[in-house]
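The values are calculated or read from the model by the stated rules, or taken from the named source; none is laboratory data. Note that the structure is a prediction, hence the values are computed from the model and not measured. Glycine gets a Cβ as well: all are built from the backbone with ideal geometry, and neighbour counts include every protein chain shown. To get the accessible areas, we keep the full protein, side chains included, count just its heavy atoms, and leave off ligands, DNA and RNA. Shrake-Rupley method; radii C 1.70, N 1.55, O 1.52, S 1.80 Å.
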Amino acid sequence: CTVSLYALSRYLQELVPLMVELLTEPAYLDEELAKQKQIAIQTQQVNKLKTSWIASTTFRSALFPQHPYGYYADEADIQAITREDLMAYHQQYIQLSGLTILVAGKLSESEQNLLEDNFGKQALAAGRGVSSASFLPPNLGLTVIEKEDAVQSTIRIGKPLFNLKHEDYFTMYI
């Protein structure tokens, strides 16, 4: 989980405690959740018309079968999300313990103390983290998805390689 705050230094005294409150005491209001679900569904309906989205989701599903990388939420999945789901996810994964805080810019000693007082001394339980799932072999071959009214085509070619920590990762990154 990454949370960012962009602010002028003079507002940190007010904003840092608010940021802590948002992270430790989420409301997940039903009306706001309903709005966000509707936005997500509308965005997905628009994306489903794009060959690039169709190619990307199909490609990831082929490369990573039965793994979260190869899965995308459909409209039914989005509709099924409840406030209780969000609260449970937050309780399990969003913790203030074990944080890395990065500040870019000028930081006074009082501002550093403000961050340490609000984040550095949190006594919350450690989160369980995200479990890593093993990868199944990819579904190799050619997949063609016809889209009659498309004005362009999208092609994805690839295969799983090594991860970010492999010595050749940056050499292969294009």
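Brief remarks on what is shown
- Between LYS165 and LEU5, the C-beta separation translates, for a Förster distance of 35 Å, into a calculated FRET efficiency of about 0.75.
- Electrostatic bookkeeping for VAL103 treats Lys and Arg as +1 and Asp and Glu as -1; over the other residues with beta carbon under 13 Å from its beta carbon, the sum is -2.
- Measuring spread by the Cα atoms of the chain yields a radius of gyration and Dmax of 21.2, 62 Å.
- Protein-only accessible surface order, largest first, of ILE94, ILE157 at 1.4 Å: ILE157, ILE94
- Percent accessible area from carbon and sulfur atoms, segment 1-80, protein chains only, probe 1.4 Å: 56 percent
- Per residue, the accessible area of the chain comes to 80 Å² when a 1.4 Å probe rolls over the protein heavy atoms.
- Accessible area of MET172 in the full protein assembly, 1.4 Å probe (Å², nearest 10): 100 Å²
- Computed over the chain with a Gaussian network model linking Cα atoms closer than 10 Å, the most mobile of GLN91, GLN42, GLN13 is GLN13.
- Across the chain, the longest piece that holds none of the trypsin sites (Lys or Arg not before Pro) lying in DSSP loops with up to 10 other C-beta atoms within 10 Å covers 1-105.
- Förster radius 22 Å - calculated FRET efficiency between LEU33 and ILE94, Cβ distance, rounded to 0.05: 0.85
- Solvent-accessible area of SER108 with every protein chain in place, 1.4 Å probe, in Å² to the nearest 10: 50 Å²
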